[in-house]
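To start, the structure itself, in structure tokens.
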Amino acid sequence: MHDRESSSLAHGEHPPHLQHHFSDEQQQLDSDKLGMWLFLVSEILLFGGLFCVYANYRAHHPEVFIYAHRYLDTTLGGINTVVLICSSFTMAWAVRAAQLGQRRALVTLLALTLLAGLTFLGIKSVEYEAKWKHGLLWGTHYRPVAEEPAAPGSASGGAAPTAAAPTPAPAPTPASVPAATGAQSSGAGQPLRQGGQWIVEHSLIPRAAQGPAGLASGLAASQPVEPGQIVEQPKNVQVFFAVYFAMTGLHAIHVIAGMVVIAIMLLLALRGRFDDGYYTPVDLTGLFWHLVDVIWIFLFPLLYLIR
Amino acid sequence: MSDTPIDVRNADGQAAGRAAPDNYLTHARGFRSWAFTLDHKRIGVMYLVSLLFFFFLGGMLAMLIRAELVEPGMQIVSKSRYNELFTLHGAIMIFLVVIPGIPVALGNFVLPLMLGARDVAFPKLNLASYYLYVAGALFMLAAIAFGGVDTGWTFYTPYSTTTNTNVVPVVFGVFILGFSSIFTGLNFIVTIHKLRPPGMNWFRMPLFLWSLYATAIIQVLATPVLGITLLLLIVERAFHIGIFDSALGGDPVLFQHFFWFYSHPAVYIMILPAMGVISEVIPTFSRKHIFGYGAIAASSIAIAVLSFLVWGHHMFVSGQSDLGNMIFSAFTFAVAIPSAVKVFNWLATMYKGSIALQTPMLYALSFLFLFGIGGMTGLFLATLSTDVHLHDTYFVVAHFHYVIMGGTMIAFFAGLHYWWPKMTGRMYSERLGALSAWLVFIGFNLTFFPQFVMGAHGMPRRYADYPAQFEPYHLLSSIGAFLMAAAFFLMAGYLLHALRRGRPAPPNPWGSATLEWQCASPPPYDNFAVTPQAGDPYDLERLRYDAARGWYDPDEDAKSAGGAGGAA
Amino acid sequence: MTAMQPIAQLLGGLPLAQEGSTFWMPSEASTGARAVDLAFYFVLWVSVFFFILIVGLMLLFVIRYRRRPGRLTAEHAPRHNLALELTWTIIPVILTAAMFAIGFRTYLDEVTPPANAYEIKVHAQKWKWSFEYPNGYIDSDLHVPLNEPVLLVMDSVDVIHSFYVPDFRVKKDIVPGRFSRLWFQATQLGEHRVFCSQYCGTGHSDMLSKVVVQQPGDFAKWLQTAAAQYASMSPAQAGADLYQRLGCVQCHSTDGSPGLGPTYKDMYGRQVKLADGSAVVADENYVRESILDPQAQVVAGFQPVMPTFKGRMTDQQIGWIIEYLKTLSSGQQAAPPAAPPASPSAGQSASPPSNPPANPQTGTGR
Amino acid sequence: MMTEGMQAAAESPSGEPSARTVHGARAHVSSLRELAAVLAALLALTALTVAAARVDLGSWNLFIALGIASVKVLLVVLFFMHLRYDRPFHGIVFLAAILFVMLFVGLVLVDTSAYQSNLIPGYAPALEESEAPQQPAPAAQQPGSAPAPSQPPSGAQ
């Protein structure tokens, strides 16, 4: 959608800025601004859908979110938040520079914003890579991998401590992990099979036909069966990671889109296309970039800071 | 369509009237002048041609469906093929014809003219929307080419995530179409807000513009949710992310909430512009000021807002909670009121008028008839207990065909015949126009009324095969469908004929007071040499019929600066 | 397969419950039907009244105010009239409010089952119904006692289906992953159609069944004998019965004609080519696996559309099916003795550890 | 504290004209000091929200986190996006979007929470098909014979 974005910016790139169907600059500026705000509205509703998914599963499966969010690395998330806020600041400053016709400042600030965007994506990719490595993915790809508790120098960096032992803080110590998995030794890279899950798997289909009642009894009975296994692991943890990747993924796409547009603005600025009389594209790009920031400001506490 | 002899002949059009020496059709020539045009009129025409093509395509699919259903058992196609047929018929008609329908084809052409503007606010975005539309359409055609899709146009999970037909191209096509729709709406809102010339205040806007404005609000607010829904569905199929797929711990009913949060407002994206067209046609052909301008304008906005509160009435038996059912049933009845108000206002407009039964008016009247049935059968479906019985039966099928086909498409053809002279500069044969209008009306009722009855008797929808008990109804229905098809071919015939041989159209053949009729037919490239002075758009009394020259003229002395507007 | 076949077979002898049906509505065969129909007719007559009013006025105006030589312009008439507009806003408000109230009240009665309702489990899957009675007996038709409230607890193993009995005016979607409940009290002896009303794929229009309403006494007797019938049957007979009852017949022919799935004729003991190019002998283990995990080894040329029967069939029942297959296969002696010849009893013990025994009849595991 | 931030930013006297006219188009130029103040506020709030998440306040954690986030968003929208000096209509447009998102989420939640009790807790057959081992877990059938009459709300385990 960002290319549409840029095309909506595109008109007026070449002087004369005033298009034939507008009566004056004011009318053109107002139209462009209103158009951009309406586009932002549609963006907000686009993400609104994802927030609805989030609210739905968070409200009805809090235990899943509380259990699973520990796999996320608050430090990296926090750093990314700061990075994005700063980029928002530089962007706002860039708009100001454009308005005042300070070309060098404009170029520098746009470049800085672009850099911040790159940093954000870099950190995100580190996080994704760690999730991938530990099998903390959606749907059937959710296969938490057991690592030797002190797996050093894992690419996940800060993520290692939390992700290494796929057990929640109040859970048995990592020592109990092999105990839990019993026969299949949990060497690095091998799926760690939570007994809790297995029991459910086997009792689920047959007992489902008997109604929640029957199933419930199955779950109740599942704890005593093999003591010492990871019973805290709630079911359908994979849903959290589905939501996590959907939300951060779509946001990342928007970051990339924003960066493309900023890069275009940077080129135009270098070519001296903007002056204090004409800077609308920079202004609108700023609006879009700030929206990307706004979305993340909500994503961060919702995904990383669950309690 | 670009270079027909229109241009040459247009000379006498000018001799007769105020036609500009060159119009938007002759302004530039050749393929590129169309492919890269930023002129809202040409974009509108391109949309119109594409729409009519897909209407033909979807119609042919419908004919196949009706042919298969003539008698029980499978005669023409296999069951799986039948499922693909109704899926594609639905998807093409909904997403490629009816939803874009009136706004993109007629709206694009008329909106700036009615407003007195030179173009829409973002001409490039407008062209981009058109090419997005084409791209989305191509994806859907590709899906047909590569074996079709059988989910039904609603793409319900988990069926859509498990079927091994190729869902993704269609869904992605619809996703793209969604953005085409968003950008059109965005464009219209900005145009109406910022490009109104001095003197054109909100309450001098023709009601068609009010309805387009209300539609655009829905397009901008609701369509993104469809976007994210389809995006998640694609991810669901491609990566099994498990948000809507119960097999992975997802919730299928949540998908239905998402889908209908868009797709019910979408019904009003379809019907609001139709109501706008009717609000133009009825006063013009009754030679009388619209009755209750304010009420009609307000009801458009009311419908736009309320339409966001009623989506759950598609889910009364889907596992939605009783609480949800109660809330959504109540809101649904609420949204029925503004529509009723409009109908009564149109009737009151005809009261004591001077009613000419020309083709656009015939379509408008059959709109009143068919939309009346469509709207009222909606009450049965809003009523919880009766909906439990009627849901997912042919009663529903008949209901939404009466609303979408009998409402939107009939109004679309009313508008097409109403603005045809303005778009092409040619008049069509009134006699054939009236004939096809009648045939469409009869064929339509013959097709869909029996479906109410068999639906009430329990005939479920989307059945490739059916118990013999329902055979007579299906037979009638199919006969009606074929009759309707014939009528549409007739229409295509005389309209195409009119393009070449039709009598040159005067600037204001019907005697309407809205601005688009003040410029020549077809309009000059930049619409208005001097921005016209906006008056009361329904002050028809000041227009006198000039028998000698055969069109309507504002007679100067009677020109009351109709500021009264009947509004506010 | 010819499309009429399943319908003829499921509805063939069924007297369409036509008696008592009106122009608009089928016969009222449940306690709830009356209330629904009253609501329907209320809305109907209100709508008819307003429709006649609107179209009548429209025609009247068209005729009276038709443009003609004497009448080229309109008469002067008010452009708006607040009193009038309020009237035709408020009257619809009142009427629709009434419709909502009626609809909601009848709906509540419709969805709240009485406490003493007789509970039957309904399992929906592409494209068949199976009804499980309290004693564990499973049938493809729904038998219910007359004038007794019946509560259906329904689940689906694959996609969304919808249980619909027009004569009872009841309908409920069956969403996988949840239990849908629906109740009714039949008031009319005889047979009534059951439709699947939520689109569920190729066989959607074949997903039919019937409700058989019996006198309570007859119903009890029927249930007893039906549950006991297998005792008197040979394994192959029992298999043949299950073949019909569990809906295998929907896709697998026994006469060699191709359906959605491979035919059973001469299948057992033969080499079958698989979709992945390899070939296996259709022996007992292969059949068992195909029933419990259908997608594992799909026969070449067929779509992987068969739903699993895991947890829906006992090992004993699988054994019966296998015996039935043997009777359909002329050359089954050619089968390598890979698996011990499975007799119903052997079926239990011979069950390889690859499938968790789940026995619907005793209820364990379900 | 948001209001304080706004005051500080607004009242800070800045050398630049707060609004300038270029080729007839009116536009607001925000002062550097204002932007810097907003940045500082945003960073401070980020720190605050991280800190707040470390203390257990029960269900309040969520609301506090959302509250802080909303304040941050408000700052960004009002000052970085100039909405404070922009046409009021743009503000209405923005609010409308938020409003409709809340409407959507709200109504969906009302319904889904009402039907949660019908769901089978932890239903996800595809998962065990992908991971199910081929030997039966002896414990599997044993519990089934003891059906408990009560339906637990999903996620109770």
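The values are calculated or read from the model by the stated rules, or taken from the named source; none is laboratory data. Fair warning: this is a prediction, and the values are worked out from it, not measured in the lab. A quick note on method: Cβ atoms are made from the backbone with ideal geometry, for glycine too, and the neighbour counts reach across all protein chains shown.
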Requested in this report: Could you list all residues from region A:263-307 that are over 19 Å from A:Gln26 (Cα atoms) and in contact with a Phe, Trp or Tyr (Cβ under 7 Å, 6 or more places away or on another chain)?
Outcome: A:Leu268, A:His290, A:Ile295, A:Leu302, A:Leu303, A:Ile306
Report summary line: For region B:57-71, pairs from a residue that is within 13 Å of B:Phe482 (Cα to Cα) to a residue that is outside any helix (DSSP H, G or I) and small (Gly, Ala, Ser), with Cβ under 8 Å and 6 or more apart or across chains, are B:Glu68/B:Ala464
Query - Search result, residues across region B:307-327 that are out of contact with any strand residue (DSSP E or B) (no Cβ under 7 Å at 6 or more places or on another chain), assigned to a loop (DSSP other than H, G, I, E, B) and within 7 Å of another protein chain (Cβ to nearest Cβ) - result: B:Gln320, B:Ser321
Query raised in the report: Considering region B:133-159 alone, what residues qualify as being outside any helix (DSSP H, G or I) and closer than 14 Å to B:Gln256 by Cβ?
Result: B:Thr151, B:Gly152, B:Trp153, B:Thr154, B:Phe155, B:Tyr156, B:Thr157, B:Pro158
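Given D:Val93, D:Val110, D:Val101, D:Val77, which one is within 30 Å of A:Leu137 (Cβ to Cβ), among the β-branched types (Val, Ile, Thr) and at pLDDT 50 or above? Before you say what the answer is, go through the steps one by one.
Details: D:Val93 fails: within 30 Å of A:Leu137 (Cβ to Cβ); D:Val110 fails: within 30 Å of A:Leu137 (Cβ to Cβ); D:Val77 fails: within 30 Å of A:Leu137 (Cβ to Cβ).
Within the list D:Val93, D:Val110, D:Val101, D:Val77, the selection yields D:Val101.
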Query raised in the report: So which residues in region C:295-310 are more than 22 Å from the chain's Cα centre (by Cα) and either in a loop (DSSP other than H, G, I, E, B) or buried (at least 20 other Cβ atoms within 10 Å of the Cβ) (or both), if there are any at all?
Result: C:Gln295, C:Ala296, C:Gln297, C:Val298, C:Ala300, C:Gly301, C:Phe302, C:Gln303
Query - Given (1) assigned to a loop (DSSP other than H, G, I, E, B); (2) within 28 Å of B:Ile373 (Cβ to Cβ); (3) small (Gly, Ala, Ser), index of the condition C:Gly56 fails - result: (1)
Report summary line: Per the list (1) within 20 Å of A:Lys33 (Cβ to Cβ); (2) modelled with pLDDT of 50 or more; (3) not charged (D, E, K, R), residue check on D:Ala52 breaks on (1)
Report task. Scan region D:59-107 residue by residue and report those that are surrounded by fewer than 19 Cβ atoms within 10 Å (Cβ to Cβ) and either basic (Lys, Arg) or touching a strand residue (DSSP E or B) at 6+ places or on another chain (Cβ under 6 Å) (or both). Result -> D:Arg84, D:Tyr85, D:Arg87
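Being within 28 Å of C:Gln303 (Cα to Cα) and touching a Pro at 6+ places or on another chain (Cβ under 6 Å) is the requirement here; does C:Ser209 meet it? Break it down stepwise before answering.
Numbers: within 28 Å of C:Gln303 (Cα to Cα): yes; touching a Pro at 6+ places or on another chain (Cβ under 6 Å): no.
No.
Please pick out the residue among B:His257, B:His289 that is crowded, with 24+ Cβ neighbours inside 10 Å and closer than 30 Å to C:Leu72 by Cα.
On the way: B:His257 fails: closer than 30 Å to C:Leu72 by Cα.
Being crowded, with 24+ Cβ neighbours inside 10 Å and closer than 30 Å to C:Leu72 by Cα holds for just one of B:His257, B:His289, which is B:His289.
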Report task. Kindly check whether there is at least one residue in region D:62-69 that is at pLDDT below 95, closer than 18 Å to A:Ser88 by Cβ and either of a type in the set (A, V, I, L, M) or not in a helix (DSSP H, G or I) (or both). Result -> yes
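Within region B:30-45, track down each residue that is among the hydroxyl-bearing types (Ser, Thr, Tyr) and at pLDDT below 90. Even if it seems obvious, please write down each step before you answer.
Quick first cut of region B:30-45, residues among the hydroxyl-bearing types (Ser, Thr, Tyr) only: B:33, B:37.
Selection gives B:Ser33 alone.
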Query raised in the report: Among all residue pairs at least 6 apart or on different chains, which show Cβ distances below 7 Å where the first residue, located in region A:36-60, is more than 7 Å from chain B (Cβ to nearest Cβ) and the second is not in a helix (DSSP H, G or I)?
Result: A:His60/D:Ser154; A:His60/D:Gly155
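Test A:Ala92 against the criterion of being out of contact with any Cys (no Cβ under 8 Å at 6 or more places or on another chain) and within 29 Å of D:Ala27 (Cα to Cα), and give yes or no. Explain how you work it out, then say what you get.
Details: out of contact with any Cys (no Cβ under 8 Å at 6 or more places or on another chain): yes; within 29 Å of D:Ala27 (Cα to Cα): yes.
So A:Ala92 fits the description; yes.
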Requested in this report: Taking the residues in region B:505-540 that are more than 25 Å from the chain's Cα centre (by Cα) and not in a loop (DSSP other than H, G, I, E, B) as candidates, determine which candidate is nearest to B:Val120 (Cα to Cα).
Outcome: B:Pro524
**Report entry** Which listed residue, of C:Ala236, C:Ala228, C:Ala282, C:Ala220, is hydrophobic (A, V, I, L, M, F, W, C) and without any contact (Cβ under 8 Å) to a residue 12 or more places away in the chain
**Finding:** C:Ala228
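More than 24 Å from B:Val403 (Cβ to Cβ), modelled with pLDDT of 90 or more, facing chain A (nearest Cβ under 9 Å) and crowded, with 24+ Cβ neighbours inside 10 Å: is that true of B:Leu231 in this structure? Give the derivation first.
Values: more than 24 Å from B:Val403 (Cβ to Cβ): yes; modelled with pLDDT of 90 or more: yes; facing chain A (nearest Cβ under 9 Å): yes; crowded, with 24+ Cβ neighbours inside 10 Å: no.
When the stated conditions are applied, B:Leu231 does not pass them.
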**Report entry** Every residue from region B:363-387 that is more than 7 Å from chain C (Cβ to nearest Cβ) and under 22 Å from C:Thr106 (Cα atoms)
**Finding:** B:Thr377, B:Gly378, B:Leu381, B:Ala382, B:Asp387
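Considering region C:111-143 alone, what residues qualify as being in contact with a His (Cβ under 7 Å, 6 or more places away or on another chain) and part of a loop (DSSP other than H, G, I, E, B)? Quick ask: steps written out before the conclusion?
Taking region C:111-143 and keeping what is in contact with a His (Cβ under 7 Å, 6 or more places away or on another chain), we get C:124, C:127, C:130, C:132.
Within region C:111-143, just C:Trp127 meets the criteria.
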Query raised in the report: Which of the residues that make up region C:262-271 are under 20 Å from C:Thr308 (Cα atoms) and either in contact with a strand residue (DSSP E or B) (Cβ under 8 Å, 6 or more places away or on another chain) or not assigned by TED's automatic domain parsing to the domain that holds C:Leu325 (or both)?
Result: C:Pro262
Query raised in the report: Of all residues in region B:405-449 being of a type in the set (D, E, K, R) and part of a helix (DSSP H, G or I), which is farthest from B:Pro524 (Cα to Cα)?
Result: B:Arg431
Report task. Please list, ordered by first then second residue, the pairs with beta carbon atoms under 9 Å, 6 or more apart or interchain, first in region B:543-554 and at pLDDT below 70, second part of a strand (DSSP E or B). Result -> B:Pro554/B:Leu543; B:Pro554/B:Arg544
Report summary line: Restricted to region A:260-287 and to residues being within 10 Å of chain D (Cβ to nearest Cβ) and in contact with a helix residue (DSSP H, G or I) (Cβ under 7 Å, 6 or more places away or on another chain), the residue farthest from A:Asn80 (Cα to Cα) is A:Asp276
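Is it the case that C:Lys121 is within 14 Å of chain B (Cβ to nearest Cβ) and under 23 Å from the mean Cα position of the chain (by Cα)? First the steps, then the outcome.
Numbers: within 14 Å of chain B (Cβ to nearest Cβ): no; under 23 Å from the mean Cα position of the chain (by Cα): yes.
For C:Lys121, the condition - within 14 Å of chain B (Cβ to nearest Cβ) and under 23 Å from the mean Cα position of the chain (by Cα) - is not met.
A:Trp93 - would you say it is within 14 Å of chain B (Cβ to nearest Cβ), over 19 Å from B:Phe244 (Cα atoms) and buried (at least 21 other Cβ atoms within 10 Å of the Cβ)?
Numbers: within 14 Å of chain B (Cβ to nearest Cβ): no; over 19 Å from B:Phe244 (Cα atoms): yes; buried (at least 21 other Cβ atoms within 10 Å of the Cβ): yes.
Here the answer is no, as A:Trp93 does not meet what is asked.
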Query raised in the report: Of all the residues that make up region B:151-185, how many are within 14 Å of C:Asp158 (Cα to Cα) and buried (at least 20 other Cβ atoms within 10 Å of the Cβ)?
Result: 7
Query raised in the report: Picking from B:Thr377, B:Thr383, B:Thr349, which residue would you name as being among the hydroxyl-bearing types (Ser, Thr, Tyr), touching a residue at least 12 places away in the same chain (Cβ under 8 Å) and touching a Lys or Arg at 6+ places or on another chain (Cβ under 9 Å)?
Result: B:Thr349
Query raised in the report: Failed condition for C:Asn81, given (1) modelled with pLDDT under 90; (2) over 29 Å from B:Ser329 (Cβ atoms); (3) surrounded by 18 or more Cβ atoms within 10 Å (Cβ to Cβ), with all others met?
Result: (3)
Query - Filter pass, B:Trp210 being in contact with a His (Cβ under 7 Å, 6 or more places away or on another chain) and more than 7 Å from chain A (Cβ to nearest Cβ) - result: no
